[in-house]
Amino acid sequence: MTDAQRIRDKLIRAFQPAIIEVIDESERHRGHAGWREGGGTHFRVRMRAAALEGLDRIARQRAVHAVLREELAGPVHALALDLGGARDP
């Protein structure tokens, strides 16, 4: 299982999103801090979930960071988040 798949699976279990995209952008950061051969260091997540409705931007980010605590402490160097409620565009 790749890091992207693991992130996706954890977020699906935690939030049951209507929309989820997990993109490994590691290659775009080749040579930058935290980059390593083989990827799995820099990710972008776009997610829309009813579980995030009513939360402000910081609370949404904290909720995702709590679910991905292990990944953020280890292999993941950077995580860009685009989060919203299920009805958000």
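Nothing in this text is a laboratory measurement; each read-out follows from the coordinates by a stated rule. In this text, all values refer to a predicted model and were calculated from it rather than measured experimentally. Every residue, glycine as well, gets a Cβ built from its backbone with ideal geometry; the counts of neighbours run over all protein chains shown.
Out of every Cα-Cα pair that the chain contains, those further apart than 21 angstrom amount to 28 percent.
Calculate how steeply helix 3-15 sits against the longest principal axis of the alpha-carbon atoms of the chain, using the helix alpha-carbon long axis, and give the answer as 0 to 90 degrees to the nearest 10. Rounded to the nearest ten degrees, it is 20. Please identify the longest segment of the chain free of exposed GluC sites (Glu not before Pro), where exposed means a DSSP state other than H, G, I, E or B and no more than 16 other Cβ atoms within 10 Å. Answer - 54-89. Placing +1 on the Cβ of every Lys and Arg and -1 on the Cβ of every Asp and Glu, with nothing else charged, gives the chain a dipole about its Cα centre of roughly 160 debye.
For the chain, what does -39500 (n - 2.57) per DSSP helix run (n ≥ 4), summed and divided by total residues, give at 222 nm, in deg cm²/dmol to the nearest 500? So the calculated ellipticity at 222 nm is -9500 deg cm²/dmol.
Nearest 10 degrees, 0 to 90: what angle lies between the long axis of helix 57-67 and the longest principal axis of the chain (Cα atoms)? With both axes taken from Cα atoms, the answer is about 60 degrees.
Legend: ranking of residues Met1, Met47 from fewest to most surrounding C-beta atoms inside 10 Å; resulting order Met1, Met47. Provide the net charge surrounding His65, with neighbours chosen by a C-beta distance below 13 Å and charges set as Lys +1, Arg +1, Asp -1, Glu -1. Charge balance in the 13 Å sphere: +3.
Each residue, Asp88 and Leu55, gets one label point 7 Å from its Cα in the Cβ direction; the gap between the two is 1.0 nm.
Among His65, His77, His42, the order by Cβ neighbours within 10 angstrom, fewest to most, reads His65, His77, His42.
Do you know the relative contact order of the chain, to the nearest whole percent, from alpha carbon pairs under 8 angstrom that are 6+ apart? Reported as a whole number, the value is 33 percent.
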